[in-house]
Amino acid sequence: MSDRPPVRYEAASFAELDGWREGDPRAALTAFRNAALRLRPTAPLPIDAGTLRAKLAKACDGLAPADSGSAESARRFFERHFTPYRVLGPAGPQGLFTGYYEPLLRASRRKHGDYVHPIHGLPPAAQAGGVLATRAEIENGDAALGWPVLFWADDPVAVFTLHVQGSGWLALAEGGHVRVAYAGNNGRGYVAIGRVMRERGLLSADDTTMPAIQAKLRADPTAGRALMHENPRYIFFRAVADTAGVTGQLGATLTPMASLAVDTGFIPLGAPLWLETNRPAAKDAPLRLLVVAQDTGAAIKGAVRGDIFWGSGDAALAEAGRMAERGRYFLFLPR
């Protein structure tokens, strides 16, 4: 007997989508083009996997340059090929939506000066799928002895943030930029230290945001290090070309404000969704977006749960780092 929480998918109409007529789905159309043919249907959907793949491939084949020429033509493409389904979890259609981004770090190819915090590549033991030392054991001892180091960063909090976000953009002391992308982890469970800090009264319930977490960690480096060690999961990276862009779990390049991390137990990677939530910086400002499921995350669990990719750098952090909004979404399945 399955212990998966119940989920229902109720067919709806485009007229029921709040803001659909005013939205601009062209960015999502680009994301869909990049992702759809990599589709991984794992959820118990009202359409079987083979049919879903075939129909999405047909929709992709039908894409014409004119479909992305205007917001209206992009809307017509989705209306022509898809039916929206309201997703209802155990608590109904409402769920939590957060944000993530690509942080910018200062780093060097060699260890010197302030550049003493390693960004590790994937060690052989992780490649074999083993359970490795915890974050505290790695950073306090010699558990990482012999592990490959791709780069050295100048800020341990920035490295921790890189581990949470899963990818990043490095400004190198030697000149130029490079991106690092997720390559694997140490096999340990993920602990959200923002929740730990909130439970201990170190942060208020209405300001458990990435900027607030970073400020608290930097204010007292010793206490901050201990807090970071509360999360035993440790991430390994691979270097990619600066021009490659950020890729998600699906292997497709992420599109800011059009790519969503989801729980693949309920939402198939590669599928479009209409998202109705609020902007984090102005809670009374509605955020209505067509997005494509292109990524996953350790904390993204549940039938109605998503993580919006906001892009790169400080401007993206200002939004993504503060986002924890209620909302709902509609899964687009092919007609």
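Any read-out appearing in this document is the output of simple, stated calculations on the displayed coordinates, not a laboratory observation. Quantities reported herein were computed from a predicted structural model and do not represent experimental measurements. Cβ atoms come from the backbone with ideal geometry, glycine included; neighbour counts cover every protein chain shown.
Here are the numbers for this structure:
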| item | result |
| --- | --- |
| Cross-link partners of residue 55 among aspartates and glutamates (Cα-Cα below 15 Å; sequence separation of 8 or more within a chain) | 79 |
| GNM result for the chain, Cα springs below 10 Å: residue of 139, 22, 325 fluctuating most strongly | 22 |
| Antiparallel bridge percentage (DSSP; both residues within the chain; nearest 5) | 75 |
| Options 213, 271, 97, ranked by Cα towards positive dipole end of the chain, top entry (Cβ charges) | 271 |
| Which of 332, 62, 291, positive extreme of dipole for the chain (C-beta unit charges) | 62 |
| Unit Cα scatterers, Debye sum, region 247-318: log10 I(q)/I(0) for q = 0.12, 0.17, 0.19 Å⁻¹ | -0.30, -0.61, -0.77 |
| Check: the chain dipole with +1 on Lys, Arg Cβ and -1 on Asp, Glu Cβ, in debye | 620 |
| Under-5 Å amide H pairs with residue 178, H placed in peptide plane, nonlocal only | 170, 172 |
| Helical segments meeting 15 Å axial Cα length and Kyte-Doolittle -1.0 threshold in the chain (DSSP H) | 49-61 |
| Region 94-108 versus region 210-242: alpha-carbon centroid distance in Å | 12 |
| Part-to-part distance (alpha-carbon centres) for region 266-306 and region 169-189, which is given in Å | 25 |
| Kirkwood estimate for region 73-155, i.e. one over the average of 1/r between Cα atoms, Å | 17.7 |
| Dipole-positive endmost among 20, 315, 201 within the chain (Cβ charges, Cα centre) | 20 |
| Ordering of 106-115, 91-100 by packing [mean C-beta count within 10 Å, highest first] | 91-100, 106-115 |
| Test item: Cα-centred dipole of region 102-244, Lys/Arg +1 and Asp/Glu -1 on Cβ, debye | 180 |
| Semi-axes of the equivalent ellipsoid for region 185-324, Cα gyration tensor, largest first, Å | 26, 20, 16 |
| Whole-number D in µm²/s for region 102-244 (Stokes-Einstein; Kirkwood sum over Cα pairs; 37 °C, 0.692 mPa s) | 210 |
